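First comes the structure, then the notes that go with it.
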Amino acid sequence: MRGFKLLLIGLLLSRLAICQPIILHGQPAAKQEINIRQQTWFYEDPASDTLQAFASVRHQHFVPLSVSAVPMLLGHNYHIKSTRIIWLRFQLVNTHPTDTVRLWYEPGTHAISTLYDSTGRLMAQTGLFRRQSDSWPENLPLRVSPEKSITYYVRLIDYIRVFATESDLLRTPLGYSERKVTEASRTKWLLIAMAMIVGCLLLMSLYTLFQYYLNRDRAYLYYAFYAGAGFCWIAKFADARFALGLAPVDLPQLFHPTWISISYLVSFFYALFLSKLVNLRSEQPMMWRVVVLLMGVLLAQQAMAFIELVTGPWFYYNTYYLFSDLLGVFTGLFLIVAIFRSQSPMKKYLLAGGVSLFIISISPLHGFILVTTLPAKASEFINYPPFFMALGLVIELFCFALALAYRSRLIEMENASLHATYTQDLERKLSQRTKEVQEKSHLLEEQRIRQLELGFEQKLAQTEMAALRAQMNPHFIFNCLNSIKLYATDNNAKKAAEYLSRFSRLIRLVLENSRSERITLQNELDALQLYLEMEAMRFKDKLRFQIDVHPSIDTEFVEIPPLLLQPYVENAIWHGLMQKHEGGNVSVRVEHLRDDCLQITITDDGIGRAKAAELKSKSATPKKSFGMDVTSERITLINQLYQTHTQLQIHDLMDSNGQPAGTEVVLEIPI
């Protein structure tokens, strides 16, 4: 009975000692550490509201931390909700009349640790999102004036999971400094190892990116992206562990060790690189379709992670975030099977790399097992899963680099073989080509001589053409002057003056047109109109003429050789109409035969060619049609010079009784 009473008294006294104020009589000893877990109250916000007002928190029901059912904040913190908010409360009392107490409170590693006084005034902040160079490891400064008592509230915000160190300790400034030195000494070799691994990843990425620039081989590009994504992934872990200050000030959550993960991007480029190297699309199309689907999901996961930078976690419960990397693990295992089934000559290197990554990375089981019986420096390596991930990644990338080197060697050997085969084929073709060239050289020489002859003939034709145009001018002028002479014998000065006026205009047009190889149809018809008007004046009522042009013909655009129509019109008048007492009609009709051919028809109702030839043979001084002969020669030369087919057709017209009724001249001129 006496023993039971003593046990009950002991339990009551221990219960009374829990959550009592922490009473200090001035500044503690130089390196003293004070564990305040027994004096700390605990409250977990069930709503995980990061915007909850401090005034409402003060009225919540706090329970002693040491006897709460909540898991200890020491060690690895895995929780059910994706966002977890915990409030801690403790009271410091300084009984010294003059000495001010200055201490550092270490709550452990959390996303955000915020210190408030009892009035809700913000005193300090630290954590992964609020790190400062002078407050690492994460500590909050405390200050209690002489004979004062202060109740402190600490809000701890965690996302997903946090790899925490010791917590709930008070340290003196000297003890805090010693803690920093001890921490730096303990993690020195781990920092060096991580720095070397990160440097290797960056070097591999830059080197293979340069190789892609030189070779334009996408395998190098995918390797560079894979190594680059791995570099960012491991650097993200190193920044969270060693407070390197790599995280942007505006986006500190980007370097949270597990939230906003970029492991999805690493897995995506891993799949892309291996698929390219083993030619998965063509060799194993079914597996390629599965890999494409997995890569699409990985990209969606990565996009969601980046969006969460702005929106915060999408899922209330933590299940997705704890197991989201399993898809990347499954993708890697699936690709190892694909490599094993492939016939790639780099198969052994790829299998060695893939298996090494999984064995080394999974060996610490990603921190689910915590080994506590190791020396401090060894424990830093063994209990730090990102080190094994980084080591496995570097070994794998080294094996992949060997695969790329072996692939380049195979390509080089294949190119050498192709070059030898191509050289032999080229020599054979060169010999055959030389023989063909020798056979054709004689033919080419003959063609060259023929071309020279054709060029000479063309120049000769041009010279003859110019000579004939030169002959046309005096012939035409002679005929016109002869007409003026015959007209002047009638002693009609007024008509003679009008005739001479038209003659001068005609001469100007003829001189202008004769200087060109081709003139517009309008110029040719204007000259012909003047000529017919002059002949009509001369023969009075014996000559009637008509010029018709089809409306679809643009006379200002179409071009023909100059002085081509007048000789035939002149011949129709002199040898056809003037042999009739009553005279007759001359008709000129211009129309399209085809799109590229113009048809000009000159029709008269004279005595016909047969009667004209008969009269010419009986004449004492037969008149030769010099203009028509020159024009015929010009048509022949035009066809030869311009490789055209200008055609001339002359038809004898007959009446219903079979008697001559005139002549029709048809010119077909290519345009």
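Numbers for the structure displayed
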{"quantity": "Sites D554 and D652, calculated FRET efficiency, Cβ-Cβ separation with R0 25 Å, nearest 0.05", "calculated": "0.15"}
{"quantity": "Segment 562-586 residues near the modelled S516 label - backbone nitrogen below 18 Å, point 7 Å along Cα→Cβ", "calculated": "562-566"}
{"quantity": "Using θ = phi - 60° and Karplus 6.51 cos²θ - 1.76 cosθ + 1.60, couplings along segment 654-671 (whole Hz; Gly, Pro as x)", "calculated": "10, 8, 5, 8, x, 8, x, 10, x, 9, 10, 10, 10, 10, 10, 10, x, 10"}
{"quantity": "Label-to-label distance, nm, for residues given as S408 and S145 (7 Å Cα→Cβ offset)", "calculated": "7.1 nm"}
{"quantity": "Extreme residue, positive dipole direction of segment 190-409, given options I234, A303, L402 (C-beta unit charges)", "calculated": "L402"}
{"quantity": "Cut-off 15 Å, label 7 Å out along Cα→Cβ of L293, residues of segment 259-274 by amide N", "calculated": "none"}
{"quantity": "Dipole axis of segment 190-409 (+1 Lys, Arg; -1 Asp, Glu on Cβ), positive-most option in G353, L203, I262", "calculated": "G353"}
{"quantity": "Neighbour-count ranking [beta-carbon atoms within 10 angstrom, fewest first] of S205, S185", "calculated": "S185, S205"}
{"quantity": "At R0 = 35 Å, FRET efficiency that the Cβ-Cβ distance of M196 and F330 yields, to 0.05", "calculated": "0.70"}
{"quantity": "Residue exposure sequence - H110, H96 - by fewest surrounding Cβ within 10 Å", "calculated": "H96, H110"}
{"quantity": "Partners for K611 among lysines (Cα-Cα distance below 17 Å; same-chain residues under 8 apart left out)", "calculated": "K580, K623, K624"}
{"quantity": "Extended-chain gain in nm, criterion 0.36 nm per residue less alpha-carbon gap, K435 and A416", "calculated": "4.0 nm"}
{"quantity": "Backbone HN-Hα couplings from phi across segment 526-540 [Karplus 6.51/-1.76/1.60, Hz, Gly and Pro as x]", "calculated": "4, 5, 5, 4, 4, 4, 5, 4, 5, 5, 5, 5, 6, 8, 6"}
{"quantity": "Distance (nanometres) between label positions extended 7 Å along Cα→Cβ at E591 and Q424", "calculated": "7.3 nm"}
{"quantity": "Lys/Arg +1, Asp/Glu -1 at C-beta; segment 490-670 dipole; positive extreme among I553, P670, A610", "calculated": "A610"}
{"quantity": "Of the chymotrypsin sites (Phe, Trp or Tyr not before Pro) in segment 513-612, those whose Cβ has at most 10 other Cβ within 10 Å and which sit in DSSP loop", "calculated": "F557"}
{"quantity": "Backbone HN-Hα couplings from phi across segment 502-509 [Karplus 6.51/-1.76/1.60, Hz, Gly and Pro as x]", "calculated": "5, 5, 5, 5, 5, 4, 4, 5"}
{"quantity": "Per DSSP, loop chymotrypsin sites (Phe, Trp or Tyr not before Pro) in segment 275-314 with at most 14 further Cβ within 10 Å", "calculated": "W314"}
{"quantity": "Listed pairs K494/K542; K81/K276; K81/K236; K188/K347; K31/K188; K31/K377 exceeding 28 Å between Cα atoms", "calculated": "K81/K276; K188/K347"}
{"quantity": "Centroid-to-centroid separation of segment 419-452 and segment 325-356 [C-alpha atoms, Å]", "calculated": "54 Å"}
{"quantity": "Sorted by Cβ neighbour density within 10 Å, fewest at the top, the residues R448, R155, R58", "calculated": "R448, R58, R155"}
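Read-outs: derived from the displayed coordinates by stated rules, not from any lab. Since we're looking at a predicted model, the values are computed, not measured. Here the Cβ is made from the backbone with ideal geometry for all residues, glycine too, and neighbour counts use every protein chain on show.
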